[in-house]
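Colleague: Mind looking over this structure? Questions follow.
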C-alpha cells in the first residue's frame, strides 16, 4: 500500500498563504484602529482643555493700585506753585485743617488752623469774598 | 462746609502740605 504524499505542492499552499496574509492584514488593521481610538480621546481632551483655560478670566496686566481717598472731591484743587504765588501776592487765606498738634509742628506761613469740625463756629473769622486755600497732609 | 457757608472761592492744595514741602516752599513753626 503506497504511503500518501503528505508534502503539499506550492500551488496548493498559495491560497493558505494568501488567507494567512489577509488575516494578518485584518488583525493588524484592527490593532491599529484600537490603538488609534485610544489616542483620539487624549487628543480631543487636549483640544477641549484649551477652551476651559480660555474661559477663565484673564488676569489684568497691571492691577489698579488702590487709589487714595481724596477728601472733599468736590473742592477744586490748585497746585502748590499756584498756592505759593497766592501766598506771595497775599491774595488768599490759607486754612490748615490738620489740627493744632500738626499745625504747631509746621504750617504754611500765615495759615489759620481750623479743622473741618471747627468751621461752622468760626466762619465769622473769614470773609466770603476771600480766596480760601485749604490743605491737610 | 465753607462752600455751604457761602464761600465761593474755596480750593485745596493738590497733594496737601506734602506737595508744598516737596516743592521746597517754606513753612513756619510755632515756638
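Colleague: Got a sec? How would A:19, A:108 order by Cβ neighbour count within 10 Å, fewest to most?
Modeller: Neighbour counts put them in this order, fewest first: A:19, A:108.
Colleague: Suppose we take every Cα in region A:93-137 and form the convex hull; what volume per residue is that in Å³?
Modeller: Working: hull volume 3.1 nm³, N = 45.
Convex hull volume per residue, Cα atoms: 68 Å³.
Colleague: Sticking with this one: Starting with the fewest neighbours, write out A:32, B:20 ranked by other beta-carbon atoms found within 10 Å of each beta-carbon.
Modeller: Result, fewest neighbours first: A:32, B:20.
Colleague: How would you rank A:127, A:84, going from fewest to most other Cβ atoms within 10 Å of each one's own Cβ?
Modeller: Ordered by Cβ neighbours within 10 Å, fewest first: A:127, A:84.
Values quoted throughout were computed directly from the atomic coordinates according to the rules given, and no laboratory measurement underlies them. All values derive from a computational prediction rather than experimental measurement. Glycine also receives a Cβ, built like all others from the backbone with ideal geometry; neighbour counts cover every protein chain displayed.
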